[in-house]
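The values are calculated or read from the model by the stated rules, or taken from the named source; none is laboratory data. Because the structure is predicted, anything quoted here is derived from the model rather than measured. Please note: Cβ atoms are built from the backbone with ideal geometry, for glycine as well, and neighbour counts cover all protein chains shown. With ligands, DNA and RNA removed, areas are computed over all heavy atoms of the protein, side chains included. Shrake-Rupley method; radii C 1.70, N 1.55, O 1.52, S 1.80 Å.
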Amino acid sequence: EVQLVESGGGLVQPGGSLRLSCAASGFTVSGNFMTWVRQAPGKGLEWVSVIYSGGSTYYADSVRDRFTISRDNSKNTLYLEINSLRADDTAVYYCASGGTFSSIDYWGQGTLVTVSS
Amino acid sequence: DIQMTQSPSSLSASVGDRVTITCRASQRISSYLNWYQQKPGKAPKLLIYAASSLQSGVPSRISGSGSGTDFTLTISSLQPEDFATYYCQQSFSTPYTFGQGTNLEI
């Protein structure tokens, strides 16, 4: 059974940093494309970043140069390093895996990041 | 970046109704269009990929169509569990942008 479990969210001050983790089971993160999607409170879905099986990475313009996606194949875990946090980064962050036609077929339960002083 | 525009933003309907949600891309995306359903407090769920392919386990009353720039999601006979928010997403090129969502309510 495919499972994605995020952790690492919490309350952080503006300008701070966090590392989100996503532990995968039932498949290998290195064999799929893996992605992060976020959702601000009461708002829609926003695509954040992707890492492909070959290692290529891409980011939304709003997070480029502040966020870094990576994976640890030995731990079968996906990460999102978030720096220079701003109030508008406050959101639930979902880890997800890619499916056919680059759709997103499996999602974690999400982890809440709150940026506030 | 490719912009995705959904309409309507909200929709009121009744059990048994047939409803259609549209999604328009700002440039041609072939069939790289996906549809998701999200219920409050839950992660999104993939319904349709590649514009018209039904994800495993999704009921056949849900269907998708379109290619190029114009796409539709149709629910042929609304059931109580279908009341949720629906999002389209293009996976043609990064950033893989979402539409703003359609809130389907009773």
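The table below gives the values:
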read-out: Odd one out for residue A:110 among (1) more than 21 Å from residue B:41 (Cβ to Cβ); (2) under 13 Å from the mean Cα position of the chain (by Cα); (3) within 8 Å of chain B (Cβ to nearest Cβ); (4) not hydrophobic (A, V, I, L, M, F, W, C); value: (1)
read-out: So residue B:89, is it modelled with pLDDT of 95 or more, over 28 Å from residue A:3 (Cβ atoms) and within 11 Å of another protein chain (Cβ to nearest Cβ); value: no
read-out: Those residues of segment B:19-35 which are part of a strand (DSSP E or B), over 18 Å from residue B:76 (Cβ atoms) and open to solvent by 30 Å² or more (accessible area, probe 1.4 Å), in sequence order; value: B:24
read-out: Qualifying residue in segment A:82-95 (condition: under 13 Å from residue A:22 (Cβ atoms), small (Gly, Ala, Ser) and open to solvent by 10 Å² or more (accessible area, probe 1.4 Å)); value: no
read-out: Any pair with Cβ under 7 angstrom, 6 or more apart, that starts in segment A:51-78 at a residue that is within 14 Å of chain B (Cβ to nearest Cβ) and ends at one that is crowded, with 16+ Cβ neighbours inside 10 Å and of a type in the set (Lys, Arg); value: A:51/A:71
read-out: Test: residue A:30 is modelled with pLDDT of 95 or more and either more than 14 Å from residue A:87 (Cα to Cα) or not in a strand (DSSP E or B) (or both); value: no
read-out: Per-region count, segment A:39-95, residues of a type in the set (Asp, Glu) and under 23 Å from residue B:38 (Cβ atoms); value: 3
read-out: Residue ID - farthest from the chain's Cα centre (by Cα), chosen from residues in segment A:1-50 that are open to solvent by less than 30 Å² (accessible area, probe 1.4 Å) and β-branched (Val, Ile, Thr); value: A:12
read-out: In segment B:92-106, residue farthest from the other protein chains (Cβ to nearest Cβ) [restricted to those that are in contact with a Leu (Cβ under 7 Å, 6 or more places away or on another chain) and open to solvent by less than 10 Å² (accessible area, probe 1.4 Å)]; value: B:104
read-out: Tally of residues being more than 10 Å from chain A (Cβ to nearest Cβ) and over 13 Å from residue A:105 (Cα atoms) across segment B:19-38; value: 11
read-out: Pair list, Cβ under 9 Å, 6 or more apart: segment B:39-52 residue more than 8 Å from every other protein chain (Cβ to nearest Cβ), other residue among the basic types (Lys, Arg); value: B:39/B:45
read-out: Selection status of residue A:101, modelled with pLDDT under 95 and open to solvent by 50 Å² or more (accessible area, probe 1.4 Å); value: yes
read-out: Residue match in segment A:91-102 (condition: more than 14 Å from every other protein chain (Cβ to nearest Cβ), over 16 Å from residue A:2 (Cα atoms) and not aliphatic (A, V, I, L, M)); value: no
